[in-house]
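The block underneath contains the structure these notes are about, expressed in structure tokens.
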Amino acid sequence: MLAENNENMKSITAKCSYDEALNSTGFGRYNYWMLCSCNLLILAMYLDIFGFSVALPAAACDMRLTITQQGLLSAVPLIGVMLSSYAWGLCADTLGRRRTLLIAMPIGAVMNLIASVAPTYASLAVLKFLSAGFTSSANAAAFVLLGETTPTRHRSRFLFLMASATMYVQLVICLVAIPVFKLSFDVYVPLLSLNYRPWRLLMLIISLPGILGVIGMVFLHESPKFLLSSGKEDDAVNGLKKMYSYNTIGKNDYYVTQIFLEEATVNIASDVSFVRKMWNQTAPLFKPPLLKNSLKLYYLLLSAYMTSTGYTMWVPTMTNAYFNGEDNSGKTFCDVASTSTSNVTVSTNCNSAVQPLTLYAVACYSAVSGSLNIILSFVVGSVGKKKITILIFIVSVLSGLALIFVTLPLLSIALFYFFNYVSLILGTVNTYLVELNPTYLRGMATCLSVVVARGFGFISVQLIASLLSDHCTPMISGYVVLVMSGLAVTFSLPADATNKVDPANHVTKSNDTTKTRC
């Protein structure tokens, strides 16, 4: 009788929509392996960008770099990300998500390894530019790959967890840097004419997550949704079968034999120029019907990351300013900020180039940020992406407003941190970018999020540096207004989709009765 029921089930549910077919693969080992691998790759990207900033003071002292050279060297990884992300978005949408990662990430890891023994300023700058340029492929492909291979019930949570990996980057690098910088070895390498010191070991360690992520990706499969959108239905079905087998520990009774996409697909010609391909992958995002949502989501990123990226670099400086032995009671945040930034001096003592207190402060800031993001990942499914995004903006606005007037030192530090935590919208925005755009545009949509976030963040860093000493209060007020505008836009986001399920047989209802469904 059971066998007969299974046969009837197979005949009824042989043809399914992609999400139904994906949900039928179950949830288990394959999904967790994918989550871990993608997290390692996205961690590698952010370590490449922000991890180097921790090693930079020691590298600058070792290489006797000028302030101008240090500024350029710190900006090189960010520039590499901005210039390359666009191309990786195209590759993810045309070559495949997994294939893009397996091509780019190993090269990025190798560049990082070589950079750890770069003998000169020029060679270090070039290698960091290249390494960041290749590792930025993780944002274009890994987020989309994870979203397209995770069942709908767990998708938002997994993408939030992956966004959490970006929040924990500074914590990870500081926890590694603290013991590394306690070492005092100095080994001369005649072949390269350099002294191998602890900061070079730290840069080598930064390469390890990318290597581990690539190894994990080797054992995974291409996104079945990408294969289906490329006209490779048989390959897509085989990929889903393998996912099902992995999740069910070897079972081979996956019953789906045909899949259809509930969206338009586009065949990308192989004989057109690279520039034309980039245009074809970008223009639809800024034309109806996708234009409205694209403008909303990218503006949210602009308002959030101009604020968070711009001020995050000041977290160590401001925390130290409150604990430098001076009496800061009765002073507002801007009073302390103006004093500390106007009294900055350049140290020539290499032994104190990286202060332990700075590392502890950044680690604390990062730990709280990542923990909040994980908490949000567990409530986003029940509360909804839109409400979570609104809540994040409201907390940031209230913190920014209070920051202008509060004079209690510890409360000011906490408010400064929470004002920057507007960056927690990354998880919801990336989920929206995956869900609201067709499959063939998702890689480009997510890579443009990097260009917007990091590009305007870079501008913000320069703006804050020039205004913090003399115009702190109006500057903070301006950023609060910017975050408030993001909050206003958030209210116009699409409502979270709800699936109507027939409780009698757990079948997803649809108005389309002409197609056989799961």
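The values are calculated or read from the model by the stated rules, or taken from the named source; none is laboratory data. Owing to the predicted nature of the structure, the values given are computational and were not obtained by experimental measurement. Here Cβ is always computed from backbone atoms with ideal geometry, including for glycine, and neighbour counts include all displayed protein chains. We work out accessible area using only protein heavy atoms, side chains counted, and drop any ligands, DNA or RNA first. Shrake-Rupley method; radii C 1.70, N 1.55, O 1.52, S 1.80 Å.
Below is a table of values for the structure above.
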item: Candidate set: the range 150-160, residues that are farther than 16 Å from residue 41 by Cα and assigned to a helix (DSSP H, G or I); chosen: the one most open to solvent (accessible area, probe 1.4 Å); result: 153
item: Residue in the range 311-329 that is modelled with pLDDT of 85 or more, of a type in the set (Asp, Glu), farther than 15 Å from residue 421 by Cβ and open to solvent by 20 Å² or more (accessible area, probe 1.4 Å) present; result: no
item: The range 459-479, subset hydrophobic (A, V, I, L, M, F, W, C) and at pLDDT 75 or above, residue surrounded by the fewest Cβ atoms within 10 Å (Cβ to Cβ); result: 459
item: Filtered residues of the range 221-265 (kept if in a loop (DSSP other than H, G, I, E, B), surrounded by 16 or more Cβ atoms within 10 Å (Cβ to Cβ) and touching a helix residue (DSSP H, G or I) at 6+ places or on another chain (Cβ under 6 Å)); result: 221, 222, 223, 254, 255, 256, 261
item: Residue check for residue 400: in contact with a Cys (Cβ under 9 Å, 6 or more places away or on another chain), crowded, with 16+ Cβ neighbours inside 10 Å and small (Gly, Ala, Ser); result: no
item: Any hit, the range 396-406, residues being under 24 Å from the mean Cα position of the chain (by Cα), aliphatic (A, V, I, L, M), assigned to a helix (DSSP H, G or I) and at pLDDT 90 or above; result: yes
item: Whichever residue in the range 384-394 is open to solvent by 60 Å² or more (accessible area, probe 1.4 Å) and touching a Leu at 6+ places or on another chain (Cβ under 9 Å) and, among such residues, is nearest to residue 310 (Cα to Cα); result: 394
item: Any hit, the range 126-144, residues being surrounded by fewer than 18 Cβ atoms within 10 Å (Cβ to Cβ) and either free of Cβ contacts under 8 Å to residues at least 40 places away in the same chain or assigned to a helix (DSSP H, G or I) (or both); result: yes
item: Qualifying residues in the range 330-353 (those that are at pLDDT below 70 and part of a loop (DSSP other than H, G, I, E, B)) - the one farthest from residue 471 (Cα to Cα); result: 349
item: Pair list, Cβ under 8 Å, 6 or more apart: the range 59-88 residue farther than 30 Å from residue 100 by Cα, other residue surrounded by 18 or more Cβ atoms within 10 Å (Cβ to Cβ) and β-branched (Val, Ile, Thr); result: none
item: Failed item in (1) surrounded by 24 or more Cβ atoms within 10 Å (Cβ to Cβ); (2) closer than 30 Å to residue 98 by Cα; (3) not hydroxyl-bearing (Ser, Thr, Tyr), with residue 381 passing the rest; result: (1)
item: Flag for residue 181 being surrounded by fewer than 20 Cβ atoms within 10 Å (Cβ to Cβ) and more than 25 Å from residue 385 (Cβ to Cβ); result: no
item: Sole exception among (1) open to solvent by 50 Å² or more (accessible area, probe 1.4 Å); (2) part of a helix (DSSP H, G or I); (3) over 30 Å from residue 31 (Cβ atoms) for residue 188, by number; result: (2)
item: Those residues of the range 268-286 which are touching a Ser or Thr at 6+ places or on another chain (Cβ under 8 Å) and either surrounded by 16 or more Cβ atoms within 10 Å (Cβ to Cβ) or at pLDDT below 70 (or both), in sequence order; result: 268, 277, 281, 285
item: Given (1) under 30 Å from residue 435 (Cα atoms); (2) at pLDDT 90 or above; (3) surrounded by 20 or more Cβ atoms within 10 Å (Cβ to Cβ), number of the condition residue 99 does not satisfy; result: (3)
item: Failed item, numbered, when residue 444 is tested on (1) in contact (Cβ under 8 Å) with a residue 24 or more places away in the chain; (2) open to solvent by 10 Å² or more (accessible area, probe 1.4 Å); (3) of a type outside the set (Gly, Ala, Ser); result: (2)
item: Those residues of the range 452-501 which are hydroxyl-bearing (Ser, Thr, Tyr) and under 19 Å from residue 402 (Cα atoms), in sequence order; result: 473, 477, 479, 485
item: All positions within the range 228-239 that are closer than 13 Å to residue 260 by Cβ and of a type outside the set (Asp, Glu); result: 228, 229, 231, 236, 237
item: Tally, over the range 34-63, of residues that are hydroxyl-bearing (Ser, Thr, Tyr) and open to solvent by 20 Å² or more (accessible area, probe 1.4 Å); result: 1
